[in-house]
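Read the structure below first, then the notes.
We did not get these values from a lab; they are worked out from the coordinates using the rules stated. All of these numbers come straight from a predicted model, not from anything done at the bench. Don't worry about glycine lacking a Cβ; one is built from the backbone with ideal geometry, like all the others, and counts go over all protein chains shown.
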Amino acid sequence: KTNLLMRHALARNSISNVIFDSSSLKDVDGKFSIDIKTLPVANQKQSGRCWIFAGLNVLREIIAKKCGLDNFELSQNYISLYDKIEKANFALESLLQLAKRDHDDREFAYILQEPLSDGGQWDMFVNLVKKYGVMPKAAFPETYQSEGTRESDAIVNDVIRNFAAKAHLLLTAGKEKEARELKERTIEKIYSFFLNCFGLPPKTFDFEYRNKEGYHVERNLTPKVFFEKYIGNKIDDYQSLIHSPTIDKPYLRNYTIDYLGNVIEGKRINHLNLPMERIKEIIVQQLSDNEVVWFGSDVSFYRDRNTPAWNDKAFDYMNSFGFDIQFD
C-alpha cells in the first residue's frame, strides 16, 4: 500500500524533512538550570574532527579565562595534522605485528577496514597535545583539505592496505628487515602527503591578544612551551567515563580497546564504566563548577540537522511508514 502524497513529497525532499513532527519542538527551548558562559562555536566543516574541536574547546576556555578573552580558538588543523600522521604510523606498526596472519583474521580485517579516520577518543587527544603542544588558530589556520578530509583519508587508507599486502608477503617469507624498511618508506610518504594537505606548521609563533587591560604579545613561543604555560598538568585532571550497560562490562571497571589509538608511546585508551545516573551527577557537578564537559556520543540517532537537539520524537516513522524503530 502506498501513499500518493507521500510519494510526491519524497520525490523532491529528504525523508527526515518530510516526516518531521513539528509538535516535537515544543519541549526544545534551550533553557537550562545551569547555563555557563562559553566562547563562540567553532566549525569543523566537512570533517569528523568533533573530538579534536571539543577537546580544544576545553583547553581554550582555560586559556581565555587566564587571559581575559571573549573569543579565542586554538589551531584545530595543527592537532589534526599530527593525529593523521600518528594514526597512520599506529596502523602500520599494528599491521606489522599482524601481517603474518591470514587475510580473514578478525583483528587484521578490523584494522584494514578503516586504518585511518577522523574520529578519536579523549585519551588520544591528550596524547597529541602532550606530545606536540598547541598553538592559536591564527598561527596555523585551516586549509581546504583539513576542512574536508574524505579524499585524503581514502588515499592514505589505500596506501596502508597496499603496505599490508606487501608486508604480508615479506614477513611470511621471513624478510623482517625488508618489511621494516618498507614501513619506514611508507610513513615518510604519508608524512609528506599530509604536510602538503594540511600545511607546514610553524616551529614558533607570537601570541597576540587584546583584553580589557590592553594589547599583549608573547613572542617566539613553541607549541610545547605555550601548552605548558597555559594548560600544563590541568589536562591530567580529566577522566573518560562511559556508560556501557552490557553483561560483559561490569560497572566501576576500566576498559580499553585493542588496536585503537594514535601515539604509539602514548597513553592507552582508558574508559571507566559507570551507571548513567552517576555520570549525570558528575556532569552536573562539573558544570556547577563552571567547567565545560567534553563528551562523545553516537550522534546519528534522532538527529535533526535543522534544530539544535537530539529528539526521539522528532520523526514520525510510525504514522508515515508504519515502522516502529524506538529503542529504550
Starting from the Cα-Cα distance between Val41 and Glu218, subtract it from 0.36 nm times their residue separation and give me the gain in nm to one decimal. 61.2 nm
Violating pairs (Cα-Cα greater than 32 angstrom) within the set Lys189/Lys229; Lys26/Lys137; Lys87/Lys175; Lys66/Lys267; Lys37/Lys234; Lys45/Lys267: Lys189/Lys229; Lys26/Lys137
Tell me, in nm to one decimal, what length is gained between Ile257 and Val293 on full extension, where the rule is 0.36 nm per residue of separation less the Cα-Cα distance? 10.7 nm
Just report the Cα centroid separation between the range 234-256 and the range 50-84, whole Å. 24 Å
DSSP beta bridges in the chain [antiparallel fraction, %, rounded to 5]: 80 percent
Any idea what Rg and Dmax come out to for the chain if you just take the C-alpha atoms, in Å? 23.1, 71
Here the gain from full extension of Ser33 to Asn17, 0.36 nm per residue of separation minus their alpha-carbon distance, amounts to 2.7 nm
Where in the chain are the DSSP H helices whose alpha-carbon span along the long axis reaches 20 Å or more and whose Kyte-Doolittle mean is at least -0.5? 50-67, 76-98, 150-172
Given the rule -39500 (n - 2.57) for each run of at least 4 DSSP H residues, summed and divided by the residues of the chain, what is its mean residue ellipticity at 222 nm, to the nearest 500 deg cm²/dmol? -14000 deg cm²/dmol
Residues whose modelled amide H sits under 5 Å from the amide H of Phe315, counting only those 5 or more places away in sequence or on another chain, are Asp21
Using the count of nearby Cβ atoms within 10 Å as a rough guide to exposure, how do Ser24, Ser117 rank from fewest to most? Ser117, Ser24
Could you tell me how far the Cα centroid of the range 272-328 sits from the Cα centroid of the range 157-178, in Å? 43 Å
